1. With each label point set 7 Å from Cα along the Cα-Cβ vector, what nm distance links residue 55 and residue 98?
2. Assuming a viscosity of 0.890 mPa s and a temperature of 25 °C, what translational diffusion coefficient in µm² per second does Stokes-Einstein assign to region 4-99, Rh being the Kirkwood radius over Cα pairs?
Amino acid sequence: MPTKNAVKATADEHLDYADAKLSLNETYKHLKEARSSAKQAAYAAGSCASDKARDQLKVGKEKVSDLSHEAGVVLKNKPLAVVGTAFLAGFLVSHLLKKS
C-alpha cells in the first residue's frame, strides 16, 4: 500500500505537469501572436517601400520627359551647335579610350 508521502509526491508531480502544460500553451499562444504581428509589420513595410519606389519612379519619368522636351527645343533652335557638341564629345571619349 502506498504511503501518504508517496501519494502526496505523485499528486505534486501531476500539479507540476499541469502547470508546465498551461505555461507551454500560453507560450505557444504568445508565439502565434508574435508571428502574426511580424507578418503584419513586414507587409506594412513592404507596402510603404513599394509606394515610395512608385513615387520616385513617377518623379524620374517626369524629369526624363522634361529633359527630353528641353533637348528637343535646343535641337530645333540650334541644330549646328548640338551636332558640333556631339562630335566634340565623341572625339574626346575616343581619345580617352585610346590612352587607356
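Any read-out appearing in this document is the output of simple, stated calculations on the displayed coordinates, not a laboratory observation. Nothing here was measured: the structure is a model prediction, and the numbers come from that model. Please note: Cβ atoms are built from the backbone with ideal geometry, for glycine as well, and neighbour counts cover all protein chains shown.
1. The answer from the label model is 5.0 nm.
2. Result for D is 116 µm²/s.
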